[in-house]
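The values are calculated or read from the model by the stated rules, or taken from the named source; none is laboratory data. Computed from a predicted model, the values in this text were never measured in an experiment. Cβ placement follows ideal geometry from the backbone for every residue including glycine, while neighbour counts extend to all protein chains displayed.
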Amino acid sequence: MMIEIKVPELAESLTEGTIATWLKQVGDSVQKGEPIVELETDKINVEINSEESGVIKQLLFSPGDTVQVGQVIATLGENESQSKATDQEASQDPTTSKIEEQIQEKVEIVQSKDESENEKDKTLKNIIIASPAARKKARELDIDLSDVPYKDPLGRVRVEDIEAYSQKKQQVEPSNGSQINKVNVSEKEERIERVKMSRRRQTIATRLLEAQHNAAMLTTFNEVDMTAILDVRNRRKESFNKKHGVKLGFMSFFTKAVIGALKEFPFVNAEIQGDEILIKKFYDIGIAVSTDDGLVVPVVRDADRLSFAGIEKEIGILSEKARIKTLGLKDLQGGTFTITNGGTFGSLYSTPILNAPQVGILGMHKIQRRPVVIDEEDTVEVRPMMYVALSYDHRIIDGKDAVQFLVKVKELLESPEDLLLEG
């Protein structure tokens, strides 16, 4: 009895996936509940478990193949002891054995006949009719007679056919320079590695293009003096870590600053659905995390209700889950606004792309010390500065509001006391 292994229901928005890795091969024993295959979806990798015990009989798809929800991807059969018992019963039946022998004899006769006919066809095709003079001319010019087109209705190759073919061949033969170029191209092709895009990378590419095509995206910039935040961190990092068991990073400051600005400019915390604007009165902040498989954006839920320590802990948990590939769909779904930090890789300036259907994303960048004017008396000091960027959907967010939103973020970051009070 064969048992079908099907792709289960994954999530409401997921209808297909890609075979990432088969965890079992044909002939392997499988216990009920044991994983058989790792499936890559648009958002996460999931393992499909066997609902029965048995032995893998067939793997119907290869790694890289796309499969649909409900589709049969493998079959499971009896275990080894049951299979042997069935084989023994079949071998003890003389009628079955005799029938099998007769079938095998007929198959061998048909195969032998087919092979003979094929050999005969090949022999006839290989016979070339040509005069001794034509054959001699072909040898002199190093021409294969089978390549020479002929005009004779009986299929005879003549000397003039060979000469005409030789002249045509010389006209189309590339020069030495062209041959060298051809060799160089061939050598370069050998140094090119073709790598198929993963399903997640294809999804990222598609959604980034959709975001650019479906939104009137615009970016505004500002800069933040990080002196006050660095001072707070240096003074409080040890006591903060000792009390809460987590480091005081930059992301909690930026998350709180973004929430403060979103409360003042609610259209940045919105979504467009048809001809309606959904203004969200909750603050689920997506934090972009880079992994080996591409960018993922896990969501910190109700970030406005969390303390600085709560935000840092939640970001730490989500980042670790992303690193070891254990993020669940609920970790990635939703989100009202996104923060991305290119500064961790050294980026000084960039224009982040919207994480649709969100209408705003804040880009953080590298902290760089540079001279700035700090007062009306034109006093110049070297300060730790960071460029920040807000990309927004101009369909519902006016340029004035976008600029003022970013100015509010800047003000809150440069005055941590105000940030703590508003947070």
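In this entry, Gly399 passes the filter for residues that are in contact with a Leu (Cβ under 8 Å, 6 or more places away or on another chain), loosely packed, with under 15 Cβ neighbours inside 10 Å and either in contact (Cβ under 8 Å) with a residue 40 or more places away in the chain or under 17 Å from Thr227 (Cβ atoms) (or both).
If I ask for residues that are at positive phi and exposed (fewer than 15 other Cβ atoms within 10 Å of the Cβ), which ones from segment 328-363 would you list?
Gly334, Gly346
Criterion applied to Lys325, Lys366, Lys330 was being assigned by TED's automatic domain parsing to the domain that holds Val258, touching a residue at least 40 places away in the same chain (Cβ under 8 Å) and more than 21 Å from Ala211 (Cα to Cα), and the one residue passing it is Lys325.
When Pro298 is tested against (1) at pLDDT 90 or above; (2) under 18 Å from the mean Cα position of the chain (by Cα); (3) closer than 16 Å to Thr344 by Cα, only condition (3) is not met. For the condition closer than 26 Å to Thr15 by Cα and either touching a His at 6+ places or on another chain (Cβ under 7 Å) or of a type in the set (Gly, Ala, Ser) (or both), what is the one hit in Gly316, Gly260, Gly310, Gly328? The unique qualifying residue is Gly328. Does segment 213-222 contain any residue that is touching a residue at least 24 places away in the same chain (Cβ under 8 Å) and of a type in the set (Gly, Ala, Ser)? Yes, because at least one residue in segment 213-222 is touching a residue at least 24 places away in the same chain (Cβ under 8 Å) and of a type in the set (Gly, Ala, Ser).
Do we have any residue at all in segment 371-386 that's at positive phi and of a type in the set (D, E, K, R)? Working first, answer last.
Start the filter on segment 371-386 by keeping residues that are at positive phi, which leaves 378.
Going one step further and asking which of them are of a type in the set (D, E, K, R), we end up with 378.
Looking for residues that are at positive phi and of a type in the set (D, E, K, R), one finds at least one in segment 371-386, hence yes.
In segment 194-243, the residue that is modelled with the highest pLDDT out of those that are closer than 21 Å to Val297 by Cβ, assigned to a helix (DSSP H, G or I) and β-branched (Val, Ile, Thr) is Thr206.
Among the candidates Thr326, Thr351, the residue that is of a type in the set (S, T, N, Q) and either modelled with pLDDT under 90 or farther than 30 Å from Arg207 by Cα (or both) is uniquely Thr326. The residues in segment 248-280 that are more than 18 Å from Ala356 (Cα to Cα) and of a type in the set (D, E, K, R) can be counted, and the count is 3.
From Val289, Val296, which residue is buried (at least 22 other Cβ atoms within 10 Å of the Cβ), touching a strand residue (DSSP E or B) at 6+ places or on another chain (Cβ under 9 Å), in contact (Cβ under 8 Å) with a residue 24 or more places away in the chain and within 23 Å of Ser319 (Cβ to Cβ)? Lay out the reasoning, then the answer.
Values: Val289 fails: buried (at least 22 other Cβ atoms within 10 Å of the Cβ).
One residue alone meets the criteria, Val296.
Just one of (1) over 24 Å from the mean Cα position of the chain (by Cα); (2) surrounded by fewer than 19 Cβ atoms within 10 Å (Cβ to Cβ) fails for Val388. It is (2). Filter segment 350-371 down to the residues that are part of a loop (DSSP other than H, G, I, E, B), in contact with a Gly (Cβ under 9 Å, 6 or more places away or on another chain), of a type outside the set (Gly, Ala, Ser) and farther than 13 Å from Val297 by Cα and list them by number. Matches in segment 350-371: Thr351, Pro352, His365, Lys366.
Rundown of residues vs (1) over 18 Å from Ile361 (Cβ atoms); (2) in contact with a helix residue (DSSP H, G or I) (Cβ under 9 Å, 6 or more places away or on another chain), yes/no style:
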{"residue": "Val258", "(1), (2)": "no, yes"}
{"residue": "Ala261", "(1), (2)": "no, yes"}
{"residue": "Glu276", "(1), (2)": "yes, no"}
{"residue": "Lys281", "(1), (2)": "yes, yes"}
{"residue": "Pro298", "(1), (2)": "no, yes"}
{"residue": "Leu306", "(1), (2)": "yes, yes"}
{"residue": "Ala309", "(1), (2)": "yes, yes"}
{"residue": "Leu327", "(1), (2)": "yes, yes"}
{"residue": "Gly342", "(1), (2)": "no, no"}
